Amino acid sequence: MKLLFLSIIFCLFASCSTASRTTTFNVLEDTQVETPPFKIIDLTITPWVAGRKENGKGYMLKLILAQPFAALDSVLYVNDSGVWKTEDSSSKEAVYFANIIEKRQHQNELIFDGDPVKEYGNQPPKSPKGQVMIYYRYKNKPQRYIHKKPNIKQTLLYM
């Protein structure tokens, strides 16, 4: 009886150690689309600069859609992000705004190592200034659309 019990235990341990293991990510992945489910009439970017260096700089984005789209989430421009806010208007068009404050980035050298923990602090490469990534949800799935031709206006200087 002891021999049968020990052989069953041994078989269980052997099968557990040889079982394939998979890693699942905890982060939802978004998909990039070529045409969004909404029609963009205009996307305007107005850079702004504060009177002093410590007050910062950033961008005001204005997005005009043909119809309201409730699932707009956020926007990414020049590696800085903002959240879309809607404006109540009586027109058919939907107007959304986002104010992005540019974060100061350190110009340190990149650290390359086999251990990803040692690479902590590396800055991602800068995205092109002429592209805006619009994040939204469609059919309950996160998606992103890259708008390549925004209207860039003259910089506002605050004194």
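The values are calculated or read from the model by the stated rules, or taken from the named source; none is laboratory data. Given the structure is predicted, the values throughout are model-derived calculations rather than measurements. Neighbour counts are summed over all protein chains in view; Cβ atoms, including those assigned to glycine, are modelled from backbone coordinates with ideal geometry. Side chains are part of the model used for accessible areas, which takes the heavy atoms of the whole protein and leaves out ligands, DNA and RNA. Shrake-Rupley method; radii C 1.70, N 1.55, O 1.52, S 1.80 Å.
Below is a table of values for the structure above.
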quantity	calculated
Close pairs from region 72-101: first more than 15 Å from residue 42 (Cβ to Cβ), partner among the acidic types (Asp, Glu) and surrounded by 14 or more Cβ atoms within 10 Å (Cβ to Cβ), Cβ under 6 Å, at least 6 apart	80/102; 100/80
Which listed residue is closer than 20 Å to residue 141 by Cα, open to solvent by less than 70 Å² (accessible area, probe 1.4 Å) and at pLDDT 90 or above, from 36, 47	36
Subset of region 51-79 (residues that are closer than 20 Å to residue 157 by Cα and surrounded by 15 or more Cβ atoms within 10 Å (Cβ to Cβ))	57, 58, 59, 60, 61, 62, 77, 78
Test: residue in region 109-117 that is farther than 22 Å from residue 153 by Cβ, outside any loop (DSSP other than H, G, I, E, B) and either open to solvent by less than 40 Å² (accessible area, probe 1.4 Å) or at pLDDT 80 or above (or both)	no
Evaluation of residue 9 against (1) open to solvent by 40 Å² or more (accessible area, probe 1.4 Å); (2) modelled with pLDDT of 80 or more; (3) of a type in the set (A, V, I, L, M) (one fails), failing number	(2)
The one condition in (1) in a strand (DSSP E or B); (2) modelled with pLDDT under 90 that residue 95 fails to fulfil	(2)
Which numbered condition residue 86 fails, given (1) over 27 Å from residue 120 (Cα atoms); (2) modelled with pLDDT of 90 or more	(2)
